[in-house]
Amino acid sequence: MNTEAATCRRCELGETRRSVVFGEGPPQAKLMLVGEAPGEKEDESGKPFAGQAGRILDKILEENGISREDIYITSVIKCRPPKNRMPKKAEVTACLPFLEKQIESIKPKIIVCLGSLAAKTIIDPKLKITEMRGKWVEKNGMKMMPTYHPASVFHDQEKMEAIREDFRKVKEVMELP
Ligand code: URA
């Protein structure tokens, strides 16, 4: 864990969090997944995607033969917002240097943005997830793809098929030399 993040007080979430959920995965991962923010289970365990959304994500990864141990998983903000409210703009801004450093040091070949916040933060603030999901964007020498957040499947089962389809494309690109 990044030592600066461990004691971070750059925003008010530092007062209510239990854990800083920095991210996990090998430092040389080819694929990086970026979610939105830790929820209750992540705050409790310190691990990203440790709750219900994580189970959906694990299922999709498994279906595509992608092992969690081989990929790096994190979120845009590293601390749980109270009652899982949306992260505030100021929180995203305060936390962004951590994500930028993660991307810079891992230099993944592929970044999958899980949900609108990650896609807007990493790819383009004007991006519309409904228009851009499943499409590749080349940026800073990396291939980036927005897809729906796994938690969106709880409200709309059809999103599961969309996320599945997107990860099939991700797997294909991972296998290219
Ligand atoms: N949702 C996220 O975006 N990130 C997590 O780590 C867990 C749930």
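The values are calculated or read from the model by the stated rules, or taken from the named source; none is laboratory data. As the structure is a prediction and not an experimental result, all values here were calculated from the model. Glycine gets a Cβ as well: all are built from the backbone with ideal geometry, and neighbour counts include every protein chain shown. Accessible surface areas use protein heavy atoms only, side chains included; no ligands, DNA or RNA. Shrake-Rupley method; radii C 1.70, N 1.55, O 1.52, S 1.80 Å.
Before anything else, pin down the relative contact order of the stretch 2-174: Cα pairs under 8 Å, at least 6 apart, normalised by residue count, whole percent. Working shown, then result.
Working: 310 pairs, mean separation 42.4, N = 173.
Relative contact order of the stretch 2-174: 25 percent.
Taking the 0 to 90 degree range and rounding to the nearest ten, how far is the long axis of helix 158-174 tilted relative to the main principal axis of the chain, both from C-alpha atoms?
80
Mind pulling the angle between the C-alpha long axis of helix 52-63 and the longest principal axis of the chain? Nearest 10 degrees, somewhere in 0 to 90.
The angle comes out at about 30 degrees.
How far is helix 89-106 tilted off the main Cα axis of the chain, in degrees rounded to 10, range 0 to 90?
Here the helix axis deviates by roughly 60 degrees.
Dipole magnitude of the chain about its Cα centre, charges +1 at Lys/Arg Cβ and -1 at Asp/Glu Cβ only, in debye to the nearest 20? It would help to have the intermediate numbers written out before the result.
Values: 31 positive and 27 negative charges, 86 e Å.
The calculation lands at about 420 debye.
Count the DSSP beta bridges whose two residues both fall in the chain, then state the antiparallel fraction as a percent rounded to the nearest 5.
Numbers: 4 of 17 bridges.
Percentage antiparallel, nearest 5: 25.
What number comes out for accessible area per residue over the stretch 1-113 if the probe is 1.4 Å? Units Å², please. Could you put the intermediate results ahead of the total?
Details: 5680 Å² over 113 residues.
With the other protein chains kept in place, the stretch 1-113 gives 50 Å² per residue.
On each of the three principal axes of the Cα atoms of the chain, give max minus min coordinate, whole Å, ordered largest first.
42, 35, 32
Based on DSSP H runs of at least 4 residues, each adding -39500 (n - 2.57), what is the mean residue ellipticity at 222 nm of the chain after dividing by all its residues, to the nearest 500 deg cm²/dmol?
Details: 7 runs with 68 residues, N = 177.
Taking each H run of at least 4 residues, the total per residue is -11000 deg cm²/dmol.
Considering only protein heavy atoms and a 1.4 Å probe, what is the carbon-and-sulfur percentage of the accessible area of the chain?
Details: 4760 of 9250 Å².
Carbon plus sulfur share of accessible area: 51 percent.
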